[in-house]
Each structure stands twice: as C-alpha cells, then as structure tokens.
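In what follows, a single structure is set out as structure tokens and then discussed.
Values in this text are rule-based calculations from the coordinates and carry no lab data. Since the structure is predicted, the reported quantities are computational estimates derived from the model, not experimental observations. Here the Cβ positions follow ideal geometry from the backbone for every residue, glycine too, while neighbour counts run over all protein chains shown.
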Amino acid sequence: MKNFRPILLKQLDVSLPGLTVRRLRLNRHLSDIESVRQHVHRFTQILLYLGGKGVQYIGESARTIRTGTAIFLPPGQTHAFSESESRRPLCLVIDLDWRGARNHRARSTQLTQLDLSEIRQQLSQLARFQRSGLGPELLRPAGIVLELLDVLWHSLSLSPRNAGRSASNPALPIVTSVKRVLLQETGERPLSELAREIGYQQDYLNRLLKASVGLTLGQMRSQMRVTRAQRLLRESRRVSDVAAKLGFQDANYFARWFRQQTGLTPRQFQAT
C-alpha cells in the first residue's frame with residue numbers, strides 16, 4: 001500500500017490445522033498521509049498499534065486507537081483509519097488465512113503492558129534476524145511469529161476457552177501455560193520436571209508444542225532465555241552478572257551457550 005513505509009516485512013508460510021500465516025509487516029504511516037481510505041481484504045487481519053493515535057473505522061463504527069490497541073478483522077470487513085496527532089502511527093499487521101474467521105465479528109482490545117512488552121521483544125528478534133540473515137536454526141522466526149500471534153489471539157479472546165475447541169479454531173493455549181512456567185524458571189531444572197509442573201509428560205508436551213509453535217519444550221526454554229539474556233545484556237555491561245541472573249554458575253559456559261543460540265558472543269551482542 002502507498003500509505004505505508006514497511007520497517008519490517010516477513011513473507012511467511014507458517015501453517016497449523018485451519019490456519020496459515022501469510023505475512024507480517026511493521027508499517028510506519030507516511031508523513032503526507034493522514035488517513036487510510038475505506039478498504040476490504042479477502043483474508044483475515046490482526047492489527048496492533050505500537051505508536052500514534054487515531055480512529056479506526058470498522059464498518060459503521062469508530063474506535064479510538066492508541067498504543068497497545070489490537071484489532072481483529074475477519075475477511076470482507078470494511079475498515080479505514082484516520083490519525084489524530086502529528087506522530088506517525090506505527091502498526092503491526094498480520095495477514096492470515098483462518099478457516100474459522102467468519103465465525104467471529106471484528107473486535108478490538110487494549111493489550112496489557114506485559115503483553116505489549118513481550119511483543120516488542122519478539123519483533124526485535126525478528127528485526128535482528130532480518131538484518132543479520134541468521135539461519136532459522138538459531139532464531140527460529142516461524143516460532144517467534146507464532147508466539148507473538150498467541151499473545152494477540154488470547155488478548156482478542158479468540159481462544160478455544162471462549163469459542164469452543166475445534167479444528168477451525170487453532171488457538172495456542174498450551175503455549176501460554178508453558179510460558180507462564182518458564183518465565184519463573186531461573187535455573188536449569190530437568191525438562192521432565194518442568195513438563196510435570198505444566199501437567200504433561202515431556203514427550204507428549206513436546207508433540208503439542210511442535211504442532212503449535214514448531215518448538216520443543218527445551219527449544220522454547222532456550223528461546224525465552226535468549227530473549228531475557230539479550231534484555232539483560234542491554235541493561236548491564238557485566239556478562240558475569242547476566243549469567244548469574246539467568247542461573248548460569250559459569251560465565252564462560254553462559255557465553256558459549258549464548259553464542260550457540262545467537263551466533264554472537266555476549267560482548268559482540270552488546271556492541272551491535
């Protein structure tokens with residue numbers, strides 16, 4: 001679209017039963033554009049405004065937009081946008097093919113600061129992946145996109161607990177449960193112990209996670225620890241302090257682990 005300058009663009013082919021993620025874009029509105037005229041798509045869209053203010057027109061209704069506003073638009077839903085301040089809106093756009101989309105009306109919600117912070121971190125990982133060209137075995141962009149979508153899915157109340165579990169409703173509730181446990185994890189407990197805390201046998205939980213986000217429990221733990229490590233490395237210059245906060249008793253072992261996960265040493269990451 002002429003109205004936007006894409007900051008981040010990922011052409012995707014990520015599929016789950018009943019759902020395909022086509023594309024993810026992070027768009028900044030152009031300075032000479034104050035509104036986006038009414039239009040419609042044949043596919044599903046989820047929008048998340050990360051900056052700016054305005055009014056989103058959905059059919060005949062108007063909804064106030066601010067940072068953290070998420071919007072679900074089923075196929076065929078007319079919509080438009082008008083700015084209400086000089087700061088250019090920044091909008092995350094996810095295009096989907098979802099078999100169950102027409103069973104839901106357009107809706108909007110306001111993300112919590114915790115969910116918004118998590119999505120910003122995930123977008124930062126995707127942006128770094130796009131700049132560096134690192135292989136999927138390191139940052140696993142498809143898994144990151146699905147985790148990001150999981151946050152939006154639950155925030156917009158599109159999960160099975162609200163709409164009934166079916167093949168046409170491929171929400172990812174297991175991911176939320178796993179993340180809740182992993183966020184509290186500071187050491188390296190055996191994966192079998194973590195799986196039991198979540199309520200599953202490890203092998204079965206791995207199959208569920210692979211079907212949902214393409215990652216095993218161990219891979220998901222590593223990815224979340226990498227995200228936390230990157231944040232801490234931005235906040236602290238002492239690698240040993242970061243290692244200790246993450247539960248690593250040996251800073252050298254942490255450095256080797258971090259490089260294996262990201263392709264960079266902690267010092268190299270801090271210098272980027």
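Counting beta carbons within 10 Å around each of Val181, Val145 and listing the fewest first gives the order Val181, Val145. Full extension of the segment from Gln184 to Gln201, taken as 0.36 nm per residue of separation minus the current Cα-Cα distance, would add 4.2 nm.
One equal scatterer on each Cα of region 172-271, no solvent, Debye formula: the resulting log10 I(q)/I(0) at q = 0.10 Å⁻¹ is -0.29.
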